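K.L.:
Here it is, the structure, as structure tokens.
Values quoted throughout were computed directly from the atomic coordinates according to the rules given, and no laboratory measurement underlies them. All values reported here derive from a predicted model rather than from experimental measurement. Note: ideal-geometry Cβ built from the backbone for every residue, glycine included; neighbour counts use all protein chains shown.
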Amino acid sequence: VQLQASGGGSVQAGGSLRLSCAASTRTFSSYVMGWFRQAPGKEREFVTAIKWSDGSAYYADSVKGRFTISRDNAKITVYLQMNNLNAEDTAVYFCAAGRNSYYYRVRDAYDYWGQGTLVTVSS
């Protein structure tokens, strides 16, 4: 069972990026899929999550209105569209899958993690 994150890069403030997280199995169809990020010297924090079953989405206050999470069932892929990026969004972004969707904000509740992808926003 693997998660493959991609799409990171460097962008100027105000720009956009789209991250992808491809799953290796349809086992995740009953899971919650989350994105977390970790900036240098900081804890890994919740960004957004989506229930694979019904598409319910949840966001951290810091990204509401700027980030959008979505899923493609056919491709078993979750996307994170990030708009109006600012320097505070600079971090390594990780995707994760968890069995218990109730704890979607809790890092330790996730069972599988992808490798990180670096997002750098210059001001």
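K.L.:
Between residue 63 and residues 5 or more places away or on another chain, which pairs have amide H atoms under 5 Å apart, with H built 1.01 Å from N, and which residues are they?
P.N.:
Hits under the 5 Å cutoff: none.
K.L.:
Placing +1 at every Lys and Arg Cβ and -1 at every Asp and Glu Cβ, with all other atoms neutral, what dipole size does the chain have around its Cα centre, in debye to the nearest 20? The partial results should precede the final answer.
P.N.:
Working: 13 positive and 9 negative charges, 41 e Å.
Once rounded to the nearest 20, the dipole reads 200 debye.
K.L.:
Under 29 Å Cα-Cα from residue 42, which lysines qualify once same-chain neighbours fewer than 8 residues away are excluded?
P.N.:
Counting by Cα, and skipping residues close in sequence, residue 42 has these lysines nearby: 51, 64.
K.L.:
Using the charge dipole of the chain (Lys, Arg: +1 at Cβ; Asp, Glu: -1 at Cβ; taken about the Cα centre), state which of 55, 102, 34 has its Cα farthest towards the positive end.
P.N.:
55
K.L.:
Please report the net charge: other residues with Cβ closer than 10 Å to the Cβ of residue 91, K and R +1, D and E -1. Intermediate values should be presented prior to the final figure.
P.N.:
Numbers: positive: 37, 42, 44; negative: 45, 88, 89.
My count for the surroundings of residue 91 gives 0.
K.L.:
OK, next. Convert each backbone phi in region 105-119 into a coupling constant with the Karplus relation 6.51 cos²θ - 1.76 cosθ + 1.60 (shift: θ = phi - 60°), then list the ³J(HN,Hα) values in order as whole Hz, x for Gly and Pro.
P.N.:
Coupling constants for region 105-119: 8, 9, 4, 6, 7, 8, 9, 10, 10, x, 6, x, 10, 7, 10 Hz.
K.L.:
Short version: ³J(HN,Hα) in whole Hz for each residue of region 30-43, in order, from phi by Karplus 6.51 cos²θ - 1.76 cosθ + 1.60 (θ = phi - 60°), x for Gly and Pro, what are they?
P.N.:
10, 8, 9, 10, x, 10, 10, 9, 9, 8, x, x, 10, 6
K.L.:
Now for a different question. How many nm is it between the label spots at residue 18 and residue 122, if each spot is 7 Å from the Cα in line with the beta carbon?
P.N.:
In this crude spin-label approximation the distance works out to 2.4 nm.
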